[in-house]
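Data block below; observations after.
The values are calculated or read from the model by the stated rules, or taken from the named source; none is laboratory data. Bear in mind that the values here come from a model prediction, so they are computed numbers and not experimental data. Ideal geometry is used to build each Cβ from the backbone, glycine not excepted, and the neighbour counts take in all protein chains shown. In case anyone asks, the SASA skips ligands and DNA or RNA and just uses the protein heavy atoms, side chains included. Shrake-Rupley method; radii C 1.70, N 1.55, O 1.52, S 1.80 Å.
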Amino acid sequence: MEYGIGMLSVVPMRAGTSDKAEIVTQLVFGECYEVVGREDNWLQLELAADGYRGWIDFKQHTPVSAAYYKEWKQAKHPRAMELLQFVSCADAPVPIGLGSYLPFFDGESIRVNEEQYPFRGTASDTAATASQAQVLEVARLFLKAPYLWGGKSILGIDCSGFTQQVFGICGYQLPRDAYQQVTHGEEVHFVTQAQPGDLAYFSNDEGRIIHVGIVLEGQKIMHAHGEVRIDTLDHNGIYNAGRKRYSHTLRIIKRISL
């Protein structure tokens, strides 16, 4: 078995072994993985946090020991809380973004294998229990982030990447895709009963879950659609006032207990 960790801000994980292949998700800084396949100059990864698989260029692979990988999986790691921060690695500072993992952060440095790397930025508190208000506070940090299929960063994010990152920063691990996330939480039966921090899911004409967003106060919703934006939510779905039409059809609302 071979294991690794993301040591760049974000690395594209693709559906196939080509730079032209679809980006299915991203490996963010500090995130561990198992190498489950190899083909030419490409490695197939399975992410430790959510089990998601994709291919990366072998040049973007940083190996870690099996013991470190196991330790990483068993621990809770703080997340970077500013839009742009730096980790002081040996050869050059590494820029990292909001939501990056800070493995074994002790208040001064992170640890990768046996190496310590100084970090002077703001980190989330893994010891504290997040509130719904904190979920909304974190979500608002992503406002105006551009939409990117497969994205998980402030510089490009998709709808389920947005919800996964927000809840991950708040200490709750959601799966990667919306149709997987909808299996979590308790159902809220009416829009009028929805509370800020609930997750609203939307389906296509075939009934498949294709979109997700975070419920706000006053029947509003924050979601990644072109950008991370705020729109109106009602029993029909998401209403885009600028375009004067509904963009998504509501299927179900779920409440996550943090």
Residues in segment 93-123 that are within 21 Å of the chain's Cα centre (by Cα) and open to solvent by 50 Å² or more (accessible area, probe 1.4 Å): how many?
2
Can you report the number of residues in segment 3-16 which are under 17 Å from Ser153 (Cα atoms) and assigned to a loop (DSSP other than H, G, I, E, B)?
4
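Conditions tested, residue by residue: (1) under 30 Å from His225 (Cα atoms); (2) open to solvent by less than 90 Å² (accessible area, probe 1.4 Å).
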site	(1), (2)
Lys76	no, no
Arg79	yes, yes
Asp91	no, no
Ala128	no, yes
Ala133	yes, yes
Trp149	yes, no
Based on this model, can you work out whether Thr232 counts as touching a residue at least 12 places away in the same chain (Cβ under 8 Å), open to solvent by 60 Å² or more (accessible area, probe 1.4 Å) and β-branched (Val, Ile, Thr)?
no
Here are Ala145, Ala200, Ala178, Ala194: which of them is of a type in the set (Gly, Ala, Ser) and touching a helix residue (DSSP H, G or I) at 6+ places or on another chain (Cβ under 6 Å)?
Ala178
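Per-residue answers, yes or no, for (1) closer than 21 Å to Gly150 by Cα; (2) not basic (Lys, Arg):
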site: Glu31; (1), (2): yes, yes
site: Arg38; (1), (2): no, no
site: Ala49; (1), (2): yes, yes
site: Lys76; (1), (2): no, no
site: Cys89; (1), (2): no, yes
site: Pro95; (1), (2): yes, yes
site: Ser124; (1), (2): no, yes
Residues in segment 17-48 that are part of a loop (DSSP other than H, G, I, E, B) and surrounded by 14 or more Cβ atoms within 10 Å (Cβ to Cβ) total 6
Could you go through segment 243-252 and let me know if any residue there is basic (Lys, Arg), closer than 26 Å to Gly99 by Cβ and surrounded by 17 or more Cβ atoms within 10 Å (Cβ to Cβ).
no
Can you find, within segment 195-224, the residue that is surrounded by the fewest Cβ atoms within 10 Å (Cβ to Cβ) among those that are among the aliphatic types (A, V, I, L, M) and in contact (Cβ under 8 Å) with a residue 60 or more places away in the chain?
Leu216
How many residues are in contact with a strand residue (DSSP E or B) (Cβ under 8 Å, 6 or more places away or on another chain) and under 23 Å from Lys152 (Cα atoms) if we restrict to segment 67-119?
32
